[in-house]
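S.K.: Here's a structure for you.
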Amino acid sequence: MKIAVVGAGNLGMALIRNAMRNAEIIAVRRRKEKTQEMEGVEFVTDIEEAGEANIFLVALKPRVFRSHLETIGDVAKSKPVISFVAGVRLEEILKHIENPFRAMTNLGIEEKGAIACYPPETAEHLRFLEAEFIYCETENELDAMTSYLGSSPALISKLFHAFVISALHQGISYDNALKAGMHAFQSAAYLYSKYGLEETIRKIATPGGTTAEGLREISGIEKGFMESLIAASRRVDEL
């Protein structure tokens, strides 16, 4: 199977690093000289050079994607075209591309990660990727995933960094702070998914203890984090 990745920037390269485990890749990148040699990956500069691909993944900026819709449609013909582009909806894509789908992920996809899909059958065209799939019921939900799946790692990294810096302040070494942070964030996701917030807190917090003192200070962080995600989600409508 040959996969064309149109737009080998940060997200495109993350998709390539995942996909190259199970498929041959034709990577379309405007500046070929910026690429490095990768086994199983052919870098080209023109979309027309990717015509032999079986499936097309598009990871361009919205304005660039719009300017290349017709060309991609001409090259892909009836083959599946999966857009990872924020804000460009299927109604617009269908004017030029015969068989389009939409998806959203983040840079973590280079290891494994998750991919949100709309319509749900999009996932059937992405099985060559090592990923967990999130099936969106509406295109609006997929658009929201631009923030909650695509942008959120950058925002969560800020919280993770605060964790590490506060641990350093309290005399914990950097390596140990990093290990503790990785475990704490992973454990929080596991416990929340299994028990929910209230039961997780009940199991950890004791009256007058360290957890209770920390919880007393965290409400401002919660509000700011929610507002940042909502602001990022609203930005999709402006793209």
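S.K.: Looking at (1) surrounded by 11 or more Cβ atoms within 10 Å (Cβ to Cβ); (2) at pLDDT 95 or above; (3) of a type outside the set (S, T, N, Q), which is the only condition residue 175 fails?
M.R.: So the condition that residue 175 fails would be (1).
Residue by residue, here is whether (1) over 20 Å from residue 127 (Cα atoms); (2) in a helix (DSSP H, G or I); (3) at pLDDT 95 or above holds:
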{"site": "5", "(1), (2), (3)": "no, no, yes"}
{"site": "14", "(1), (2), (3)": "no, yes, yes"}
{"site": "17", "(1), (2), (3)": "no, yes, yes"}
{"site": "25", "(1), (2), (3)": "no, no, yes"}
{"site": "36", "(1), (2), (3)": "yes, no, no"}
{"site": "39", "(1), (2), (3)": "yes, no, no"}
{"site": "43", "(1), (2), (3)": "yes, no, no"}
{"site": "53", "(1), (2), (3)": "no, no, yes"}
{"site": "56", "(1), (2), (3)": "no, no, yes"}
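S.K.: Only one of (1) under 30 Å from residue 142 (Cα atoms); (2) at pLDDT 90 or above; (3) more than 20 Å from the chain's Cα centre (by Cα) is not met by residue 229, so which one is it?
M.R.: So the condition that residue 229 fails would be (3).
S.K.: Okay, next question. Taking the stated definitions as given, is residue 69 more than 17 Å from the chain's Cα centre (by Cα), farther than 17 Å from residue 5 by Cα and assigned by TED's automatic domain parsing to the domain that holds residue 20?
M.R.: On the way: more than 17 Å from the chain's Cα centre (by Cα): yes; farther than 17 Å from residue 5 by Cα: no; assigned by TED's automatic domain parsing to the domain that holds residue 20: yes.
Spelling it out, it is not the case that residue 69 is more than 17 Å from the chain's Cα centre (by Cα), farther than 17 Å from residue 5 by Cα and assigned by TED's automatic domain parsing to the domain that holds residue 20.
S.K.: Return a yes/no flag: does the stretch 194-207 have any residue that is in contact (Cβ under 8 Å) with a residue 40 or more places away in the chain, surrounded by 13 or more Cβ atoms within 10 Å (Cβ to Cβ) and part of a helix (DSSP H, G or I). Can you show your working first?
M.R.: Applying the first criterion (in contact (Cβ under 8 Å) with a residue 40 or more places away in the chain) to the stretch 194-207 yields none.
No, because not a single residue in the stretch 194-207 is in contact (Cβ under 8 Å) with a residue 40 or more places away in the chain, surrounded by 13 or more Cβ atoms within 10 Å (Cβ to Cβ) and part of a helix (DSSP H, G or I).
S.K.: Would it be correct to say that residue 194 is farther than 30 Å from residue 24 by Cβ and basic (Lys, Arg)? Please lay out each step first, then the result.
M.R.: On the way: farther than 30 Å from residue 24 by Cβ: yes; basic (Lys, Arg): yes.
Here the answer is yes, as residue 194 does meet what is asked.
S.K.: Name every residue in the stretch 16-60 that is crowded, with 21+ Cβ neighbours inside 10 Å and of a type in the set (Gly, Ala, Ser), in order of residue number.
M.R.: Within the stretch 16-60, 19, 27, 50, 53, 59 meet the criteria.
S.K.: So, in the stretch 150-169, how many residues would count as being farther than 19 Å from residue 107 by Cβ and out of contact with any helix residue (DSSP H, G or I) (no Cβ under 9 Å at 6 or more places or on another chain)? Spell out how you get there, then give the answer.
M.R.: If we filter the stretch 150-169 for residues that are farther than 19 Å from residue 107 by Cβ, which is where we start, we get 162-169.
Okay, now just the ones that are also out of contact with any helix residue (DSSP H, G or I) (no Cβ under 9 Å at 6 or more places or on another chain), so 169.
Looking only at that region, the number is 1.
S.K.: Which one is surrounded by the most Cβ atoms within 10 Å (Cβ to Cβ) among residues in the stretch 77-112 that are without any contact (Cβ under 8 Å) to a residue 60 or more places away in the chain and of a type in the set (Gly, Ala, Ser)?
M.R.: 103
S.K.: Report, ordered by the first and then the second residue, all pairs with beta carbons closer than 7 Å, sequence separation of six or more or different chains, a first member in the stretch 122-134 that is aromatic (Phe, Trp, Tyr), and a second member that is outside any loop (DSSP other than H, G, I, E, B).
M.R.: 128/3; 128/19; 133/115; 133/117; 133/123
S.K.: Has the stretch 76-92 got at least one residue that is in a helix (DSSP H, G or I) and over 23 Å from the mean Cα position of the chain (by Cα)? Break it down stepwise before answering.
M.R.: To start, the set of residues in the stretch 76-92 that are in a helix (DSSP H, G or I) comprises 76, 90-92.
Retained after the next criterion (residues that are over 23 Å from the mean Cα position of the chain (by Cα)): 76.
Yes: the stretch 76-92 contains one or more residues that are in a helix (DSSP H, G or I) and over 23 Å from the mean Cα position of the chain (by Cα).
The values are calculated or read from the model by the stated rules, or taken from the named source; none is laboratory data. This is a predicted model, so every value here is computed, not measured. Cβ sites come from the backbone with ideal geometry, for glycine too, and all protein chains shown count toward neighbours.
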